[in-house]
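Remarks on the structure that follows.
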Amino acid sequence: MQMTQISSSNIKSIGWEDGTLRIEFNNGGIYEYLEVPEEEFNSLKNASSVGSYYHQNIKGNYECNKL
C-alpha cells in the first residue's frame, strides 16, 4: 500500500487500497480501517486538519484493526 506523509501533530502517514485505510500515527501505532470508501480517504487526505477529520469521520465509524 502506498503511504502518503501527512503534516499533522497526530498522524504521520495515510494510505488506502481496495477499501482499506491505513493510518500510521506519530506515536508509532498503525491501524487499518475496513470498508472505507475512496471518497472518504480523499476527504481525509485533503482536509485542512487531518487529525480533526479523522476524529470526526473515521474513528469509531469503521471496523478497525491494530497492526
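Taking every residue in the range 21-41 that is in contact (Cβ under 8 Å) with a residue 40 or more places away in the chain and closer than 13 Å to residue 57 by Cα and pairing it with any residue that is open to solvent by less than 70 Å² (accessible area, probe 1.4 Å) and in a loop (DSSP other than H, G, I, E, B), at least 6 positions away or on another chain, the pairs with Cβ-Cβ distances below 9 Å are 21/34; 21/36; 21/62. Here the range 19-49 is the region considered, the condition is being polar (S, T, N, Q) and out of contact with any helix residue (DSSP H, G or I) (no Cβ under 8 Å at 6 or more places or on another chain), and the residue that is farthest from residue 9 (Cα to Cα) is 20.
The values are calculated or read from the model by the stated rules, or taken from the named source; none is laboratory data. Predicted model only: the values in this text are computed from it and were never measured. For neighbour counting, all protein chains shown are included, and Cβ atoms are generated from backbone atoms with ideal geometry for every residue, glycine included. These accessible areas exclude ligands, DNA and RNA; they are computed on the full protein's heavy atoms, side chains included. Shrake-Rupley method; radii C 1.70, N 1.55, O 1.52, S 1.80 Å.
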